[in-house]
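The values are calculated or read from the model by the stated rules, or taken from the named source; none is laboratory data. Predicted model, so just to flag it, every value in this text is computed and none were measured. Please note: Cβ atoms are built from the backbone with ideal geometry, for glycine as well, and neighbour counts cover all protein chains shown.
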Number of protein chains: 2
Amino acid sequence: MRGEALMPMMPVTDSMFLLIETREHPMHVGGLQLFTPPEGAGPDHLRTLREDLLRNTDVRPLFRQRPARPVNTMGYLGWAEDDALDLDYHFRHSALPRPGRIRELLELTSRWHSTLLDRHRPLWEVHLVEGLNDGRFAMYSKVHHALLDGVSALRHLQSILSEDPAELSCPPPWGSRRPQPAGRRVPTSRSALLQGTTRVVRQLAGMAPAAVKIASEALREQRLTLPLQAPRTMLNVPIGGARRFAAQSWPLARVRDIATASGASRNDVILAMCAGALRDYLIEQRSLPDSPLVAMVPVSLRSRTDHGEAHGNQVGALLCDLGTNLSDPAERLAVISRSMSDGKRLFRQLSPLQILLLSAMNVAPLAASPVPGFVNNTPPPFNIVISNVPGPSRRMYWNGAGLDGIYPASVLLDGQALNITLTNNGDNLDFGITGCRRSVPHLQRLLIHLDTALAELESATR
Amino acid sequence: MRGEALMPMMPVTDSMFLLIETREHPMHVGGLQLFTPPEGAGPDHLRTLREDLLRNTDVRPLFRQRPARPVNTMGYLGWAEDDALDLDYHFRHSALPRPGRIRELLELTSRWHSTLLDRHRPLWEVHLVEGLNDGRFAMYSKVHHALLDGVSALRHLQSILSEDPAELSCPPPWGSRRPQPAGRRVPTSRSALLQGTTRVVRQLAGMAPAAVKIASEALREQRLTLPLQAPRTMLNVPIGGARRFAAQSWPLARVRDIATASGASRNDVILAMCAGALRDYLIEQRSLPDSPLVAMVPVSLRSRTDHGEAHGNQVGALLCDLGTNLSDPAERLAVISRSMSDGKRLFRQLSPLQILLLSAMNVAPLAASPVPGFVNNTPPPFNIVISNVPGPSRRMYWNGAGLDGIYPASVLLDGQALNITLTNNGDNLDFGITGCRRSVPHLQRLLIHLDTALAELESATR
């Protein structure tokens with residue numbers, strides 16, 4: 001196998017994402033981007049664009065590394081550099097069947113988001129998609145969580161975009177605007193490699209023999225500190241491997257106006273919009289629990305000035321009472337707003353390792369036969385993750401094409417069959433909804449309910 | 001989980017295909033079909049066809065069953081009936097990007113053939129593909145080997161076709177022309193279930209603790225009986241999960257004329273065509289070994305009159321000297337012809353279990369850490385599988401569309417990075433070539449070499 005002489009150790013926090021991945025729980029983050037092609041683009045625009053970009057072989061080091069072969073039963077602990085990188089494999093050209101509506105695009109995105117990345121290669125794929133009936137094109141990108149979390153993936157995307165519609169030399173999705181060092185970024189000296197190894201071994205020491213046991217203890221400890229109790233719902237069940245994905249944009253101004261009128265924060269309004277949609281959806285499914293749903297709201301702890309290659313998964317978590325038991329939208333918004341303020345006071349930061357152990361525990365029922373039905377019998381720590389990821393504040397362009405939408409597609413775990421992740425994009429808020437295909441029927445209905453919830457909040461605060 | 005009360009045991013021979021499957025070794029067989037649409041078909045023909053077919057919910061029992069949850073560490077031993085079958089998931093509508101050549105179709109087929117089937121659902125997928133620039137459409141179908149082997153899959157395909165271009169009520173790919181019994185085909189009585197369990201447990205008893213050890217002993221025993229020694233080649237290496245697929249048709253008459261002129265059988269001529277192509281390819285790759293390549297040629301042992309639901313994997317194997325060390329096509333054909341006659345006299349039938357154990361052994365290096373590099377250090381029992389699967393002898397139609405081609409896509413294993421499977425289809429021979437994307441570069445070149453080899457055989461025997 002190539003590149004093994006230079007095998008840098010993978011931090012435990014990253015390798016865990018490879019270790020806990022199963023067929024039912026792909027551990028990649030995705031993003032769907034919608035573009036308006038530059039004026040005068042012909043029918044072969046996308047093909048030409050792809051061929052031009054493929055000539056750019058200046059690949060960011062992150063996108064050249066692949067998992068080295070397993071060095072022990074704890075999983076893949078090392079990265080190797082892929083010295084036979086096959087860009088044609090990673091960067092693909094695809095098309096929509098007729099009639100080429102957004103519906104066909106979401107269907108295709110759902111399929112792509114359901115399949116595992118090839119571990120013999122760098123852990124990313126990008127698809128250029130033609131055939132939308134309105135003449136636009138799309139790009140679906142997929143990166144393993146061991147490489148980049150959702151926040152870092154979106155930041156990477158922004159780094160290849162431009163504010164200038166006339167700039168036609170934007171980097172490809174695997175590129176970077178900064179010149180790449182000629183050598184490798186990986187530590188090549190013996191002592192550096194040994195240092196890395198020692199650190200990894202130390203991190204492993206405490207958890208290797210019984211990760212599941214430690215994970216469930218972490219959860220128990222965590223639960224004692226939780227200010228809220230989440231009800232059991234249809235969303236908190238074991239999941240399958242197939243996904244559904246839905247996406248839509250709303251004007252940021254509408255959320256801002258509600259925030260101004262109500263005195264709540266924009267994020268509170270967004271959570272209230274989700275809460276209203278979840279309530280309507282669960283009523284429609286005859287599955288609304290009596291007590292309110294609890295959302296886990298991740299908060300990035302990464303310094304905004306950190307623009308290095310480092311790509312940790314540094315997140316804190318707030319738990320939020322979504323007030324889904326209340327029929328009045330204004331009351332719901334008030335409850336959410338209060339819950340978020342309380343949460344900030346009580347703010348308890350989960351360490352990245354705790355979050356990872358929590359994830360490991362969630363998939364344990366499938367890996368560890370001693371605890372079948374674990375997810376079914378344990379109350380969920382929260383009902384849904386609702387994540388607001390920073391995106392570009394102005395309209396951006398990529399080689400002359402205007403970026404109309406960025407819709408994040410997330411990771412699901414057992415017990416968490418639905419995820420809402422959104423981002424700001426110029427004057428819009430772009431929502432991406434990822435659901436387990438089996439557990440969350442009629443996922444598209446959530447888009448209608450989000451629209452209704454926003455309108456109700458407008459009426460209630462006008 | 002649904003349907004567990006009625007869990008029929010899976011024969012060990014079938015469950016092995018689930019047990020040995022890894023991300024690097026998907027265990028499904030595939031087929032690419034090319035169709036000329038009926039006259040007067042409009043641009044929405046395929047979409048309408050799909051919607052019409054989706055209304056047909058008469059599903060063959062085989063395509064309703066999914067693996068039940070693992071009952072022990074030996075893997076999935078039971079089938080469950082999927083009582084929430086989601087046909088919309090299994091039967092998909094896709095499109096080719098521009099310019100919509102066969103090249104784009106093969107690229108898309110390669111991607112589909114590389115991904116794993118979802119084990120939470122019945123183990124099959126069918127894709128209808130539009131966007132070919134010559135107005136034709138394609139269908140790619142994929143079935144897990146635990147359900148159907150290549151021969152049975154092709155026989156199933158034939159069963160839904162018609163010789164009549166005017167018949168517009170052909171069944172969908174999941175259907176059947178025979179009426180389905182109202183009840184379930186699985187044994188539901190306690191005693192029948194127990195009998196099944198006992199048989200499975202007995203089959204497992206001898207192999208459970210150390211399947212790898214038994215497998216390598218089976219191989220050693222087998223090798224002693226092998227009349228030929230296969231050289232090490234670039235085709236006999238550990239493989240990755242990504243595939244390339246190439247396909248082309250040649251007129252059956254050309255092969256028949258060479259057979260008549262030379263006195264060899266048609267199958268000998270086909271093998272000589274493959275041998276010539278492999279020789280040219282390996283020369284081009286500067287990897288032609290001094291001693292001749294050995295092909296494993298599977299022979300179906302299934303009775304042709306067996307049209308029941310049974311779907312065993314019953315194959316014998318002939319080893320054939322491909323004479324790739326010889327530069328003269330006529331000499332190569334003579335060697336192949338002699339080798340096949342010798343093989344038939346020496347005919348040694350591998351039991352299905354032996355074949356399976358051999359497969360298990362091939363993937364062992366990845367599963368069993370004690371033997372890394374196993375494939376690299378052991379001479380291969382043969383260099384390539386070349387399989388000729390019976391197809392329809394006349395031109396067939398499916399709901400008015402003429403079947404122009406049937407190209408089989410096969411399973412690869414460690415040590416076997418290339419597979420050639422062909423079938424007859426009316427007046428043509430349709431070749432499907434499946435290769436590991438990393439180990440077999442420029443797979444498409446084999447099509448050119450096959451064409452050259454056929455022309456050379458014609459010149460040599462004219």
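Filtering B:Ala275, B:Ala242 for residues that are at pLDDT 95 or above and farther than 30 Å from B:Arg60 by Cα leaves a single hit, B:Ala275. Scanning region A:124-153 for residues that are under 21 Å from A:Arg395 (Cβ atoms), touching a Leu at 6+ places or on another chain (Cβ under 9 Å) and more than 14 Å from chain B (Cβ to nearest Cβ) yields A:Arg136, A:Ser141, A:Ala153. In region A:84-123, what residues are of a type in the set (S, T, N, Q), facing chain B (nearest Cβ under 9 Å) and touching a Lys or Arg at 6+ places or on another chain (Cβ under 7 Å)? Within region A:84-123, A:Ser114 is the sole residue that qualifies. Regarding region A:113-123, can at least one residue be identified that is within 30 Å of A:Gly78 (Cα to Cα) and assigned to a helix (DSSP H, G or I)? Scanning region A:113-123 turns up at least one residue that is within 30 Å of A:Gly78 (Cα to Cα) and assigned to a helix (DSSP H, G or I). For region A:405-438, the set of residues classified as in contact with a strand residue (DSSP E or B) (Cβ under 8 Å, 6 or more places away or on another chain) and either surrounded by fewer than 18 Cβ atoms within 10 Å (Cβ to Cβ) or within 14 Å of chain B (Cβ to nearest Cβ) (or both) consists of A:Leu412, A:Asp414, A:Ala417, A:Asp427, A:Gly435, A:Cys436, A:Arg437, listed by residue number. Evaluating A:Gly3 against the criteria (1) more than 12 Å from chain B (Cβ to nearest Cβ); (2) modelled with pLDDT of 90 or more leaves one unmet condition, (2).
Residue check: is A:Thr452 away from chain B (no Cβ under 14 Å), surrounded by 21 or more Cβ atoms within 10 Å (Cβ to Cβ) and β-branched (Val, Ile, Thr)? When the stated conditions are applied, A:Thr452 does not pass them. Contact annotation: residue pairs with Cβ atoms under 6 Å, 6 or more positions apart or on different chains, pairing a residue in region A:436-462 that is touching a residue at least 12 places away in the same chain (Cβ under 8 Å) with a partner that is of a type in the set (S, T, N, Q) and not in a helix (DSSP H, G or I), are A:Leu447/A:Gln248. Find the residue count for region B:430-454, including only residues that are part of a loop (DSSP other than H, G, I, E, B) and among the small types (Gly, Ala, Ser). Residues in region B:430-454 being part of a loop (DSSP other than H, G, I, E, B) and among the small types (Gly, Ala, Ser): 1 in total. In this structure, B:Asp14 does satisfy being at pLDDT below 95, among the acidic types (Asp, Glu), in a helix (DSSP H, G or I) and outside the structural domain of B:Thr434 (by TED's automatic domain parsing).
Considering only residues in region A:22-44 that are within 21 Å of A:Arg119 (Cβ to Cβ) and not small (Gly, Ala, Ser), the one that is surrounded by the fewest Cβ atoms within 10 Å (Cβ to Cβ) turns out to be A:Thr22.
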